[in-house]
Each structure stands twice: as structure tokens, then as C-alpha cells.
Amino acid sequence: MQQIKIKGAIISNDSIPMYQEAQKEYTALKDIQIPFPDKPLEVIINSGGGDVFTGSEIYSMLKSHKGHVTVKIIGVCASAASMVAMAGDTVEMSPTGLLMIHNAMGWTFGNTQEHEKQIKSLEEANDSIAKAYQNKTGLPLSEIRELMKAETWFSCDKAIEYGFVDKEMFLNSIPQSLVASIAQHLPERFRYDYMENVVKKNQYRIIQDKEEPQKVTNNQYGKNLMMLDPMGRVATKKENQNMVNFANNAEKLAEIGVLYIKSKIKNAVKEAAIESVLESQRHSYSDTLIADGYIPGDFILKDGQTIPVAQSQEQLQEMVDRIKGL
């Protein structure tokens, strides 16, 4: 299958000499060569984005391709790169990948009229970008604009949930350097959860790059984490040589972030609150509260907790089930 790669910054053709001189990875429109316009095409993406107009032109090129277009997000797919990804007939994403959408950005020099013109131009650009997301996800345009305004990061699971991605890539192995490279694109507020809930859960897929191993760091937390196999068993040195190598970059990996566990945390908190209510009421059946003038069936707020008033364990359980349904 023919394949193109979109890696590094997405830049205009005019910016190529500057990026070559700086020895930075980039993708320009000149790099997108599709020899067979009616054959299946695979697009590999690991890019933090860049020039929105170049991204738009690549998107249009892929959308007009007559063959089936499969997009594979193997690392970061942010900003203009996420718009390009929406051109895929099928979009797949690595379990350790990240997708980010946000409003267009620009710079202006001049008087108030110049700034006002720039604001209007950016809003028009935002609407155009949102259309690409809407065509892929089917989400209301207003919801997409809010997600863009908030600069939203999506893990693989969350991207599938919202419709930006069709399915997870089931890789046998993921290069260590690819996982570590995600860290540099993430705000600090997202990082720890991603390490714990994406990288840690997929550590059995992560392998040391074929290059010369780096010197092992003194990050004991990273070493201990990677010395555990997926079942929590402490494995032998031989079994975990790749994991020890992976711990070399644990400090970077600990800075990777994700949002998808928010709902799980919320449910855990609610379950803990319900258990606290059950424990406080399990033996008393609210006798004290009834003596104070409350009647069975009441819900009252006491010491910051919602306390159900019940005459029996069965009635208490029924009321707690009602709390669960809130």
C-alpha cells in the first residue's frame, strides 16, 4: 500500500530552508507525493501541527483521493495535524497516542483596525476547521467550537467516544522513543494521569529502540513501575530487560497526560459517598433522626452528607439506590 508520513511541524514550502538549517523535522506540501490517485493510501501522523493553510490544503488533497484513505495516529496529532487526520475514511489511533483540537492562532502588528481584521480572520478559520471535525464526528458545530475553545486533548478511548477516531491500533510493540516524544506537546495539567492510565497499562507493548541503550537513570519510581508485569508480579531481570530500558525515560513519561479517567474518578467518589452513608445507617436505621422529628423517606443534609431516613435495612437500600441514580 502506498504511504505518506506527516511528521514534525506542518509548514509552508517557503519555510523549508529555515527548518532544514535548524535540522528540525517537518512536513511541507512538497513532501506529499501520491503516485496512484485511485489506490488505497495510508497516512502516518505524528505531528504537533503548524501552518493551518498548509494543513487545509493537505486535508483537501486527501479528501479528493479516489482510493480508500487510512489515517494512523501513532503519536501526537495536534492542531493543524488533527484537521488533516479528519480526511481519513478510516482513522486509527495508537493506545498511547493523543489528539488535540484548539482555536486557530495568529500574530498581528498594527493599529486597532488591523487587530480587528485579524480577529475576524481567525474566527473564519475556526469555523472552517470546525467543519472538518463536524464532517468526521457528526457532533453539533456549537459543541465542537466549545471543545476547540477549551483546547481539548483526547486519549485514544476519548477520541473514539467523540467520533474523531474510528478504532484503536492493536500494535504488537511501540517504540520507546515514540511514547516519550508525546511528553513535549502536553500541558503539565494533563501529564500524570496519562502516565498512570495509558502508558502504564500498555507497558507490555513498549520496546527499547534499536539504537544504543541510554544510561539508566536514578528514577527509582520509574524502575519499580516497569519491573512489574501487567499482572503486578515482580518479574526477573531477564524478563524485564526491555522494561528497565524503558525506565530510562520514566521521568519524561511521567510528564505525559490524559483526561479520559475523569468519569471513573467521579464514579469512584460517588461510590465512596454511598458506602459512607450505608455504613453510618447500617445498624441504626435512622432511629435517632426519626426521634428528632424526621419521617421515613426524608433525605436530609447533615455534616455535608446526604442522609436517608429509613425504618428498615430494605428501605435504606432502596433509598441508597435512588442516590446512585442521581
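If you go through region 101-116 one residue at a time, do you hit one that is in the same structural domain as I73 (by TED's automatic domain parsing), at pLDDT 80 or above and closer than 25 Å to V69 by Cα? Yes, region 101-116 has at least one match.
Considering only residues in region 146-173 that are over 19 Å from A81 (Cβ atoms) and hydrophobic (A, V, I, L, M, F, W, C), the one that is modelled with the highest pLDDT turns out to be F170. Here the condition is being under 12 Å from K7 (Cα atoms) and out of contact with any Phe, Trp or Tyr (no Cβ under 6 Å at 6 or more places or on another chain); of V69, V43, V52, it holds for V43 alone.
Residues of region 106-142 that are surrounded by 10 or more Cβ atoms within 10 Å (Cβ to Cβ) and of a type in the set (A, V, I, L, M, F, W, C): I119, L122, A125, I129, A130, A132, L139, L141. Here K66 meets each of (1) crowded, with 17+ Cβ neighbours inside 10 Å; (2) not in a strand (DSSP E or B) with one exception, condition (1). Within region 130-142, residues that are in the same structural domain as A78 (by TED's automatic domain parsing) have Cβ atoms under 6 Å from residues that are of a type in the set (S, T, N, Q) and surrounded by 12 or more Cβ atoms within 10 Å (Cβ to Cβ) in these pairs: L141/Q134, counting only partners at least 6 apart in sequence or on another chain.
Residue check: is G75 crowded, with 24+ Cβ neighbours inside 10 Å, closer than 11 Å to V165 by Cβ, in the same structural domain as S60 (by TED's automatic domain parsing) and in contact (Cβ under 8 Å) with a residue 12 or more places away in the chain? Explain how you work it out, then say what you get.
Details: crowded, with 24+ Cβ neighbours inside 10 Å: yes; closer than 11 Å to V165 by Cβ: no; in the same structural domain as S60 (by TED's automatic domain parsing): yes; in contact (Cβ under 8 Å) with a residue 12 or more places away in the chain: yes.
Considered against the rule, which asks whether it is crowded, with 24+ Cβ neighbours inside 10 Å, closer than 11 Å to V165 by Cβ, in the same structural domain as S60 (by TED's automatic domain parsing) and in contact (Cβ under 8 Å) with a residue 12 or more places away in the chain, G75 comes out as no.
Residue count for region 16-61 satisfying the condition of being surrounded by 16 or more Cβ atoms within 10 Å (Cβ to Cβ) and not acidic (D, E): 23. Under the condition of being out of contact with any Gly (no Cβ under 8 Å at 6 or more places or on another chain), of a type in the set (F, W, Y) and either at pLDDT below 95 or assigned to a loop (DSSP other than H, G, I, E, B) (or both), the residues counted in region 20-62 number 1.
The values are calculated or read from the model by the stated rules, or taken from the named source; none is laboratory data. All of these numbers come straight from a predicted model, not from anything done at the bench. With ideal geometry, Cβ positions are generated from the backbone for all residues, glycine too; neighbour counts draw on all protein chains shown.
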